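The structure appears right after this line, and notes come after that.
The values are calculated or read from the model by the stated rules, or taken from the named source; none is laboratory data. From a predicted model like this one, the values you see are computed outputs, not experimental measurements. Glycine also receives a Cβ, built like all others from the backbone with ideal geometry; neighbour counts cover every protein chain displayed.
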């Protein structure tokens, strides 16, 4: 027995020692990676900035320490990092050009791709070259790469070109089979975020608005590519109708969508010639990370660029990843308001909305900030519903032409699971209560007529407040706002026409405007929230992050819709949210 205990203790001790050694080595490796990454090597002469258009395009990319150690299941591309690298490459004398390597790119929205395109067009003003190559160009990838001086395709390559489509998911029949009925309360003919729970197809009003904004986005894509490639919009549109996606590679060259066909080794030789490099294998390639350095400044004064993207919630929960938490955002904006070194604030919004209550809290924080210093909103892929609720508090709003915005409306949705619990699972419930509505919201029974009216009145109150906020912020009559509201989604270009936005502009334009309004021309910018150090991220990394990463990779555009279904019973009663995820297949 003593020997058994001795061997057990020895085994446990050995296991703990080995585990500690593995942990120590892992942390040491991580530290080395982080230290190496924080010290950027100098860019050598005749270098090329390589941008891999592969993976998921996000607003900002934050390193996951464990992914550095064990590898990522999919690649994320941060729009902020890409734009910074392109801007720095323009002014770096050792960078001779940009090499766009196209692959399976999944853009978060057309407007995000549009911003990369703007940055590349600005880069071309330096006289440096841009070369694009791909075995496969997604439609979004092609839109970005069409700015290139030379657009190269593999001899067996493919360019996806078939137009835009939106394909939402409808859950009504699934929920019916499960014995769940959604109790829906809404205001606005176009506020169709509830349709997946009540319909099996889009309403006529929803189809109208989707057709409108898809057509507007497609028109912008055609216009931009037409200018870059010298092909008429009508011809490009006909190519999409002809479904050019599976055409022979030679046909893309013949119709002007590509310049030439090459294999990858020939592309390297071509780039070597462009940079006067004798050996293609010795090409000096710089990455996006290599060009993230910020210029040194002699003054602490700056313009703050605050990133707010994801669902709008009151407080972030463990299973949520990228969200706009009113608790955190209000605290951050208050800190920027009282910081004397912050001369103006640009708030970058990329959100389809969420909690109406949280949106109201952030609206208040932005209004308070606006009273102290200039605030400019830069709309990203979406600034709709709750995202627009936030934006309307600011003094100026700039948007991309293809941004989705508006969607001024409110809804409430509460599940009734009485059929599931009683008829399908055989669970019975009884209740004792002191007041008529003490068990309001119980999943075991539907609302009675009085409670239905209470909820509808509550939703209408929220809608009136939303209308009032927009009218105050945009200096419109409430009647005019109502004509633009009812949940109707607009593109950025349409929003400028109807007065919901002030002008076309990307993030750089918003920064320039903020500098002019605050008489702070020449002031540097500083991004907020400040990224956390790697050791904090290591402690915060959860296994759920890995699961969500895998789900996002596999489900693609349907991921966020299904995530919303998971969280439906945890949402605030009032939701200011865009009509589900647009699910634009581009």
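Which residues, counting only those in region 310-344, are in a strand (DSSP E or B), farther than 26 Å from residue 515 by Cα and touching a helix residue (DSSP H, G or I) at 6+ places or on another chain (Cβ under 7 Å)? Before the answer, list the steps.
If we filter region 310-344 for residues that are in a strand (DSSP E or B), which is where we start, we get 311-313, 323-325, 342-344.
Now narrow it down to the ones that are farther than 26 Å from residue 515 by Cα: 311-313, 323, 325.
Residues satisfying the conditions are 312, 313.
Of all residues being touching a helix residue (DSSP H, G or I) at 6+ places or on another chain (Cβ under 7 Å) and touching a residue at least 60 places away in the same chain (Cβ under 8 Å) in region 275-288, which is nearest to residue 365 (Cα to Cα)? Just the residue, please.
Here the answer is 288.
Residue by residue through region 117-130, note down the ones that are in contact with a strand residue (DSSP E or B) (Cβ under 8 Å, 6 or more places away or on another chain) and in a helix (DSSP H, G or I).
Across region 117-130, the qualifying residues are 120, 123, 124.
Quick grid of which residues meet (1) buried (at least 17 other Cβ atoms within 10 Å of the Cβ); (2) outside any helix (DSSP H, G or I); (3) at pLDDT below 95; (4) assigned by TED's automatic domain parsing to the domain that holds residue 139:
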site	(1), (2), (3), (4)
236	yes, no, no, no
250	no, no, no, yes
253	no, no, no, yes
256	no, yes, no, yes
276	no, yes, yes, yes
285	no, yes, yes, yes
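Can you tell me which of (1) surrounded by 13 or more Cβ atoms within 10 Å (Cβ to Cβ); (2) not in a helix (DSSP H, G or I) is the one residue 480 doesn't meet?
Condition (2) is where residue 480 drops out.
Condition check: surrounded by fewer than 21 Cβ atoms within 10 Å (Cβ to Cβ) and within 26 Å of residue 482 (Cα to Cα). Does residue 437 satisfy that?
Values: surrounded by fewer than 21 Cβ atoms within 10 Å (Cβ to Cβ): yes; within 26 Å of residue 482 (Cα to Cα): no.
Against the criterion (surrounded by fewer than 21 Cβ atoms within 10 Å (Cβ to Cβ) and within 26 Å of residue 482 (Cα to Cα)), residue 437 does not qualify.
Which residue is farthest from residue 391 (Cα to Cα), if the candidates are limited to region 504-534 and must be part of a loop (DSSP other than H, G, I, E, B) and within 19 Å of the chain's Cα centre (by Cα)?
Among them, the one singled out is 531.
Hey, among 205, 148, 240, 193, which residue is under 22 Å from the mean Cα position of the chain (by Cα) and at negative phi?
The unique qualifying residue is 193.
Residue 225: outside the structural domain of residue 86 (by TED's automatic domain parsing), crowded, with 17+ Cβ neighbours inside 10 Å and in contact with a helix residue (DSSP H, G or I) (Cβ under 8 Å, 6 or more places away or on another chain), yes or no?
Yes, satisfied.
Hey, can you tell me all the residues within region 258-269 that are within 23 Å of residue 143 (Cβ to Cβ) and buried (at least 17 other Cβ atoms within 10 Å of the Cβ)?
258, 259, 262, 267
Condition test on residue 108, is it surrounded by fewer than 18 Cβ atoms within 10 Å (Cβ to Cβ), at pLDDT below 95, over 13 Å from residue 289 (Cβ atoms) and assigned by TED's automatic domain parsing to the domain that holds residue 154?
Criteria not met by residue 108.
In region 423-438, is there at least one residue being modelled with pLDDT under 90, farther than 29 Å from residue 224 by Cβ and in contact with a helix residue (DSSP H, G or I) (Cβ under 6 Å, 6 or more places away or on another chain)?
Looking through region 423-438, at least one residue is modelled with pLDDT under 90, farther than 29 Å from residue 224 by Cβ and in contact with a helix residue (DSSP H, G or I) (Cβ under 6 Å, 6 or more places away or on another chain).
Looking at the structure I just gave you, is residue 158 crowded, with 17+ Cβ neighbours inside 10 Å and closer than 30 Å to residue 215 by Cα?
Yes.
I'd like to check which helices (runs of 4 or more DSSP H) are fully inside region 134-198 and have at least 2 residues that are closer than 30 Å to residue 456 by Cβ.
172-178, 195-198
Being under 19 Å from residue 325 (Cβ atoms) and under 16 Å from the mean Cα position of the chain (by Cα), is that true of even one residue in region 404-420?
Our first condition is that a residue be under 19 Å from residue 325 (Cβ atoms); within region 404-420, this holds for none.
No.
Looking at (1) free of Cβ contacts under 8 Å to residues at least 24 places away in the same chain; (2) over 28 Å from residue 160 (Cα atoms); (3) touching a helix residue (DSSP H, G or I) at 6+ places or on another chain (Cβ under 7 Å), which is the one condition that is false for residue 303?
Exception for residue 303: condition (1).
Any idea which of (1) over 25 Å from residue 149 (Cβ atoms); (2) modelled with pLDDT of 95 or more; (3) surrounded by fewer than 17 Cβ atoms within 10 Å (Cβ to Cβ) is the one residue 218 doesn't satisfy?
It fails just one condition, (3).
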